[in-house]
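Just below is one structure, and these are the notes that go with it.
The values are calculated or read from the model by the stated rules, or taken from the named source; none is laboratory data. Quick caveat, the model's predicted, so the values are computed rather than measured. Cβ placement follows ideal geometry from the backbone for every residue including glycine, while neighbour counts extend to all protein chains displayed.
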């Protein structure tokens, strides 16, 4: 009787532990705070790169209204927005330098893996 009860407990325990596998994806708070293009970058780009880089607003420069172009050009964008007004290549052209917090959004998006 004791052997049967012990065997049953071991089988049930093994069955339960099967579903406690560490291979399951657990969403961490760090993953929840990662920036993505759709929710974070489009707003910043619309506000600071328009109209020049937004075709729907009449822009005729390289379009930054899509994920592929921004992802491909993020290094150049970061370099240029970190320049000071008057330096060759400074962006946004004919506007004030972006705030440190706005530049930080571009940097963070890149560090987070440029999620779409």
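Listing for the model above:
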| read-out | value |
| --- | --- |
| Tabulated pairs, segment 103-116, first on the phi > 0 side of the Ramachandran plot, second in a helix (DSSP H, G or I) and surrounded by 15 or more Cβ atoms within 10 Å (Cβ to Cβ), C-beta under 6 angstrom, 6+ apart or interchain | 114/71 |
| Subset of segment 58-79 [without any contact (Cβ under 8 Å) to a residue 12 or more places away in the chain and in a loop (DSSP other than H, G, I, E, B)] | 58, 59, 60, 61, 62, 63, 66 |
| Exclusive hit being surrounded by fewer than 12 Cβ atoms within 10 Å (Cβ to Cβ), part of a loop (DSSP other than H, G, I, E, B) and out of contact with any strand residue (DSSP E or B) (no Cβ under 6 Å at 6 or more places or on another chain), set 97, 88 | 88 |
| Residue in segment 3-23 that is surrounded by 10 or more Cβ atoms within 10 Å (Cβ to Cβ), outside any helix (DSSP H, G or I) and modelled with pLDDT under 95 present | no |
| Test for residue 83: is it in contact with a helix residue (DSSP H, G or I) (Cβ under 8 Å, 6 or more places away or on another chain), over 16 Å from residue 35 (Cα atoms) and surrounded by fewer than 16 Cβ atoms within 10 Å (Cβ to Cβ) | no |
| Answer residue from segment 102-116, given it is surrounded by 15 or more Cβ atoms within 10 Å (Cβ to Cβ) and in contact with a strand residue (DSSP E or B) (Cβ under 9 Å, 6 or more places away or on another chain) and is farthest from residue 66 (Cα to Cα) among those | 112 |
